[in-house]
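This report refers to the structure that appears directly beneath it.
Coordinate-derived values only; no laboratory data. Keep in mind it's a predicted model, so treat the numbers as computed, not measured. Cβ placement follows ideal geometry from the backbone for every residue including glycine, while neighbour counts extend to all protein chains displayed.
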């Protein structure tokens with residue numbers, strides 16, 4: 001059984017590059033290629049929603065030249081892959097606040113969103129300038145500004161104010177590079193997500209590695225608070 005929604009923390013580009021005597025930029029470039037392959041594999045498998053942790057709010061603390069490289073890679077990726085996304089019937093959505101991004105980046109992102117808005121087979125969420133805590137604060141503020149009453153505040157109504165509104169919560173969250181934490185990623189949505197950690201650095205996370213993660217996922221019994229006998 002495939003997860004309806006797969007989320008990935010793409011970690012380890014810098015360490016992958018360092019181990020090979022390459023620049024961090026080369027690591028991010030290799031990571032972009034890995035992302036392209038994983039998107040294609042998820043579409044082949046019929047996974048309906050894929051979320052990639054692309055740039056967190058905390059990433060602004062990185063060196064400016066590295067941030068610039070990340071923005072360049074993002075724009076090149078979207079320009080290069082637009083036709084492929086449309087051919088594969090993949091819709092692009094953004095989780096996060098783009099107002100702080102350079103104008104050129106925002107233009108490319110908006111263009112890609114517009115050109116793929118009618119695609120139905122898969123939704124590709126890129127978490128950009130994203131923070132799980134900030135997402136919750138933003139949702140609460142929006143509910144208050146719209147006059148939502150206390151009685152109307154439920155788990156379901158709050159979910160409707162998140163970036164992922166209308167999408168299922170992640171069934172599986174994968175993190176590469178050996179780190180074992182969520183790093184402020186989809187905190188509300190991850191309540192019942194299965195977690196899969198691998199020592200493989202992101203640039204080496206191939207479709208075959210994804211298949212291994214999915215095999216592990218399928219061996220698990222998701223109880224959602226029930227006993228094994230009730231499942």
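Hydrodynamic radius of the range 50-172 by the Kirkwood approach over all distinct alpha-carbon pairs: 15.8 Å.
Neighbour counts of other C-beta atoms within 10 Å: give me 145, 84 arranged from fewest to most.
145, 84
Please give the contour-minus-distance gain from residue 146 to residue 221: 0.36 nm per residue of separation, less the Cα-Cα distance, rounded to one decimal in nm.
Values: separation 75, 0.36 × 75 = 27.00 nm, distance 3.99 nm.
In short, 23.0 nm is gained.
Under a GNM of the chain (C-alpha, springs under 10 Å), which listed residue has the highest mean-square fluctuation: 12, 46, 166? Between 12, 46, 166, it is 166 that shows the largest mean-square fluctuation. Annotation: for a label point projected 7 angstrom from Cα along Cα→Cβ of residue 120, residues of the range 66-91 with backbone N closer than 17 Å are 86-91. Taking label positions 7 Å along the Cα-Cβ direction at both residue 153 and residue 80, the computed distance is 4.6 nm, reported to one decimal.
How do 140, 119 line up, fewest other C-beta atoms within 10 Å first?
Details: 140 14, 119 17.
Ascending Cβ contact count within 10 Å gives the list 140, 119.
Contact order, relative form, for the chain: 28 percent (alpha carbon pairs under 8 Å, 6 or more residues apart, mean separation divided by residue count). Sorted fewest first by neighbouring Cβ atoms within 10 angstrom, 148, 108, 76 come out as 76, 148, 108.
How high is the relative contact order of the range 38-143, given as a whole-number percent (alpha carbon pairs under 8 Å, six or more residues apart)? Can you show the working numbers first?
Working: 127 pairs, mean separation 45.4, N = 106.
It comes to 43 percent, rounded to a whole number.
Using a Gaussian network model of the chain with C-alpha springs under 10 Å, which one of 88, 221, 107 is most mobile by mean-square fluctuation? So, out of 88, 221, 107, the one fluctuating most is 221. Roughly speaking, what is the centre-to-centre gap between the range 1-77 and the range 155-220 when only Cα atoms are used, to the nearest Å? Computed from Cα coordinates, the inter-centre distance equals 14 Å.
Shape class of the range 83-131 from the alpha-carbon gyration tensor: oblate, with a/c at 1.5 or above and b/c at least as large as a/b. Ellipsoid fit via the Cα gyration tensor, the range 1-48: semi-axes of 27, 10, 7 Å, each the root of five times an eigenvalue, largest first. When the Gaussian network model of the chain links Cα atoms closer than 10 Å, the mean-square fluctuations of 16, 60, 202 top out at 60.
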